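Okay, structure first, notes after.
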Amino acid sequence: NAGVTQTPKFQVLKTGQSMTLQCAQDMNHEYMSWYRQDPGMGLRLIHYSVGAGITDQGEVPNGYNVSRSTTEDFPLRLLSAAPSQTSVYFCASSAPGVYEQYFGPGTRLTVT
Amino acid sequence: KNEVEQSPQNLTAQEGEFITINCSYSVGISALHWLQQHPGGGIVSLFMLSSGKKKHGRLIATINIQEKHSSLHITASHPRDSAVYICAVRLNGNKLVFGAGTILRVKS
């Protein structure tokens, strides 16, 4: 099993550009989440999904969209990048009732 | 005030020392997680506990639900234990709230 994979590992965007961060898992986990990690702060939940076709907002959803068309994939879209979105983004998955979180390796995004 | 507070923020220890990292929370929880983030950035789950104590190798995690407090202990610390240790509480369903992390450096 590859576990949770994220692409790209690094990305630099200009203000106003859009892009999609990819996340995939091969463990058949129903729960998937996107977090951002900023210096001095804990991981913060952006969006999450409890299964294919179902998504919901987390703590800091503004400026981001998600969709969940399959169990495996949970892409995060930045609609119009802003410098405040410079961060490290982590995708995570878990199985219901088990709750142990499996994290992807992260994407380091810089918006100039 | 953050819902999850960790202390200390930074910790430097000599190899072989016993290390304690603390986590306090202010909300009702169903479980608490301890995670480790390596210098390369990857995050791995160490423990998930809702009561009592768990042990894995040199790592021990305890939780006191009444006092809303958990501790992570590392016995016989080693430079390879150098990492960021993160406490997270599970509120309802699958949502987690994270502490800011404790940066641990173990010197040889």
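Approximating the spin labels as points 7 Å out from Cα along Cα→Cβ, the B:N10-to-A:D56 distance works out to 3.9 nm. Taking a quarter of the surface of the Cα convex hull of the range B:1-99 gives a mean projected area of 6.3 nm². The label point for A:F10 and the one for B:R80, both projected 7 Å from the Cα toward the Cβ, are 2.7 nm apart. Considering only B:V84, B:V97, B:V44, the mean-square fluctuation computed in a Gaussian network model of chain B, springs between alpha carbons under 10 angstrom, is largest for B:V44. Global size of the protein assembly as shown: 17.5, 51 Å for Rg and Dmax (C-alpha atoms, Rg to one decimal, Dmax whole). Taking trypsin sites (Lys or Arg not before Pro) in DSSP loop conformation with at most 14 other Cβ atoms inside 10 Å as exposed sites, chain A has its longest uninterrupted site-free stretch at A:15-112.
Average 1/r across all pairs of distinct alpha carbons in chain A, invert it, and you get the Kirkwood radius: 13.9 Å.
Taking each of A:K9/B:K53; A:K14/B:K95; B:K68/B:K95; A:K9/B:K68 in turn, the alpha-carbon distance tops 28 angstrom for A:K9/B:K53; A:K14/B:K95; A:K9/B:K68.
Each reported figure results from applying straightforward, stated rules to the coordinates on display, with no laboratory input. Keep in mind that this is a model prediction, so the values were computed, not measured. Quick reminder, even Gly has a Cβ in these numbers, built from the backbone with ideal geometry, and neighbours come from all protein chains shown.
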